[in-house]
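Worksheet: one structure, shown below.
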Amino acid sequence: MSVFSRHSRPQPLLIRGFFVLALVVGSALTWFAYYFSQRAVDERTVQRHWEHVQLDAVTLEDHASRSLDTAVNLMRLAASLTKPELLSDALRGSATLVDLTADSPVMRSLSLVDSSGRVLLSSVRRNVGVQLPQEDVKLDSRWTGVFEFHFGRSFALRDLYEFEGDRTPVDLGFLIIEAPVEIDGASYHWIAAVNLGVFLNLWDQLGQPEVSQIHIVGEDGQLLASQAPQTQGLRDALPKVLANRIDNPQADFAAGEDERTLVTYRSSDLYPLSIVITTERDRLLRSAGNAQARLPTVMLVAIVGNLLLIVFLAALFATYLRYERSLQELANQSHAVDLHLMVSETSGNGTILGGNTAFFAANGYAPEELIGQSYRVLTTEIPGQGSLEAAFDTLRTGRAWRGTLQNRRKSGDLYWVSATIVPFPDVWGRTARYVTLMTDISESILLSAKVANEQRLREDLTALNQSLVTEATTDPLTGRPNKRAFDLFMPKAVAISMDDQKPLSVMMLDIDHFKQINDSYGHLAGDAVLREVAIRWEREIRGSDMLARVGGEEFCVVLPRTTTEQTRRLAEKLCRLTAAVTIDFENSPGEILSIPVTVSIGVATADPADALGTEPLMHAADEALYEAKRTGRNRVVVAGGPPQSKD
């Protein structure tokens, strides 16, 4: 039976999950779009409102300051006219005040009051003789020689004369400004009743919405004037306004629970008052017609959400159609594979379930002879990897296995196949069977074996040649390069120095009294000394340097790109290191000899500007070594310089 005669079924949970996801995503997109579009429209409305109100606050504060300038200037002028003659004729004095305030809409009245609070003169006749209550109008200030004014309270009255009436509140009252004066040594006070309506009327002229209220707040937070009774929004806003208006004369913020009150304020630079505009956010949004304005946006969002849902479902359906076409294409490809490859199908435990015609023909079995048998009837091991368990370990992880199998035909002949074993999971993801696709590569294997054998012979020959080269250039006692290796390396070091235009240095090292060491301790001890000093010196040089044994007890270190001073310091270090620690040698079981060793070193350096040559450089190093020996040993001598003492 053909392994591809079984058709895969759609994965039920995945398909249903996609449809549920489509519905959830579509609904979520619609509602999220509605929510965020509503938020965006509301925020734009609030922002436009704040921009508009900020400009109005500046206009109102400027208007208030100018109006108060007028009132203060009139009071200053009245103070300059304050003389005894003004009190001697009350009618004439009041007429003078009428003339001063006649053209000023800012002033309700301008009055002169004695220290007890009784109005003596006034631009409004009804005010004359009125006794001002001390609890309402403070007259504590005294004349200091210069004109000074003080702000008092605001009153919802028409003028001063209503202090003695029934005090019927009015919508637009007045603000008290007081300035002390002195006449013949007695204290008097000018009282200006400033018309608050001048400030509030401008608000209507600016065309502000009904949802906003203007408030004039004094220095200590007292409400001087307001378009409406003190609201919760104003009570929420006042603490922040009073706390910030000195450092920040103008600002806007949201106050109250859930930031329901929008607040804009502007403080005067000259007078102790602030213009505060409060707006209820909910009323602003309702009055702005947002419900109607947002309707097209919400509809557009809903339409977009539905379109997205339709597009998503359409894409899902198109994916299903492609899946269906893929199944048909898979069946066609399976038929083509049957005609070319050996294909077998096994269960999870390796039992053969079926195969194509090419599979049975290659193995020489009839289908009924193999179906139900273990795959180990055909394959017992993986060439180079051992048992089949290596392949099954990979397959159990759900991954495909690729490699070479050695199969046995019914006749007993062996042949090789290139195999790919693919796990086939069911709709729940559990691997129920394996499909193996195989190509006979026996001829290629035989050819590869011949090529590999030839390659192995060539590699063996190369390794042998390399071993011979290593033996020819390595000192067998110390394991370091010998004289031959040194002679091969020197021309390369010279070339490097010339190319880099850097110095090339050489150290000649000779173990002091080495013959005495051999005579006193034996040649085995001498060999141990040579090996140990070579190890110590090798640790101190760079990987680009070469330490070579060039004679019996004579060594040479070649140091490319190294100056004379750098070489001298290294040589002195090697000299100290050699003399610092004796070399232990086991002369016989239990007998350890401690052999003191010192070394003499000659140093020579060639600058790349010179005509570099190996022989002159080595000759200079030899001469320096000879000088070190001659002057006492255990020291460093630099060619062309004084010997370095062993201390």
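Quick notes on this one:
- Region 47-77 - residue that is open to solvent by less than 50 Å² (accessible area, probe 1.4 Å) and in contact with a Lys or Arg (Cβ under 8 Å, 6 or more places away or on another chain) and, of those, farthest from residue 195 (Cα to Cα): 57
- Which listed residue, of 36, 32, is under 30 Å from residue 277 (Cα atoms) and either assigned to a strand (DSSP E or B) or without any contact (Cβ under 8 Å) to a residue 40 or more places away in the chain (or both): 36
- Just one residue in the set 601, 592 is open to solvent by 50 Å² or more (accessible area, probe 1.4 Å) and either hydrophobic (A, V, I, L, M, F, W, C) or not in a strand (DSSP E or B) (or both); that residue is 592.
- Filtered by the rule that a residue be open to solvent by 60 Å² or more (accessible area, probe 1.4 Å) and of a type in the set (Asp, Glu), region 17-46 gives a lone residue, 43.
- Evaluating residue 531 against the criteria (1) free of Cβ contacts under 8 Å to residues at least 24 places away in the same chain; (2) part of a helix (DSSP H, G or I) leaves one unmet condition, (1).
- Tally of residues being open to solvent by 50 Å² or more (accessible area, probe 1.4 Å) and farther than 23 Å from residue 77 by Cα across region 124-147: 3
- Residue within region 502-524 that is exposed (fewer than 14 other Cβ atoms within 10 Å of the Cβ), in a loop (DSSP other than H, G, I, E, B) and free of Cβ contacts under 8 Å to residues at least 40 places away in the same chain present: no
- Exactly one residue among 221, 256 is out of contact with any Lys or Arg (no Cβ under 6 Å at 6 or more places or on another chain), free of Cβ contacts under 8 Å to residues at least 60 places away in the same chain and more than 21 Å from residue 157 (Cα to Cα), and that residue is 256.
- Between 121, 86, the distinction of being closer than 11 Å to residue 191 by Cβ and crowded, with 17+ Cβ neighbours inside 10 Å belongs to 121 only.
- Checking 68, 87 one by one, the residue that is assigned to a helix (DSSP H, G or I), touching a Gly at 6+ places or on another chain (Cβ under 8 Å) and in contact (Cβ under 8 Å) with a residue 60 or more places away in the chain is 87 and no other.
- Any chance residue 180 is outside any strand (DSSP E or B), at negative phi and touching a Phe, Trp or Tyr at 6+ places or on another chain (Cβ under 7 Å): no
Here's the yes/no breakdown for (1) surrounded by fewer than 19 Cβ atoms within 10 Å (Cβ to Cβ); (2) in a strand (DSSP E or B); (3) basic (Lys, Arg); (4) in contact with a strand residue (DSSP E or B) (Cβ under 6 Å, 6 or more places away or on another chain):
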{"residue": "168", "(1), (2), (3), (4)": "yes, no, no, no"}
{"residue": "172", "(1), (2), (3), (4)": "yes, no, no, no"}
{"residue": "193", "(1), (2), (3), (4)": "no, yes, no, yes"}
{"residue": "198", "(1), (2), (3), (4)": "no, no, no, no"}
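The values are calculated or read from the model by the stated rules, or taken from the named source; none is laboratory data. Note that this is a predicted model, so its numbers are computed, not measured. Backbone-built Cβ (ideal geometry, glycine too); neighbour counts: all protein chains shown. For the accessible areas, the whole protein counts, side chains as well, though only heavy atoms, and no ligand, DNA or RNA atoms are used. Shrake-Rupley method; radii C 1.70, N 1.55, O 1.52, S 1.80 Å.
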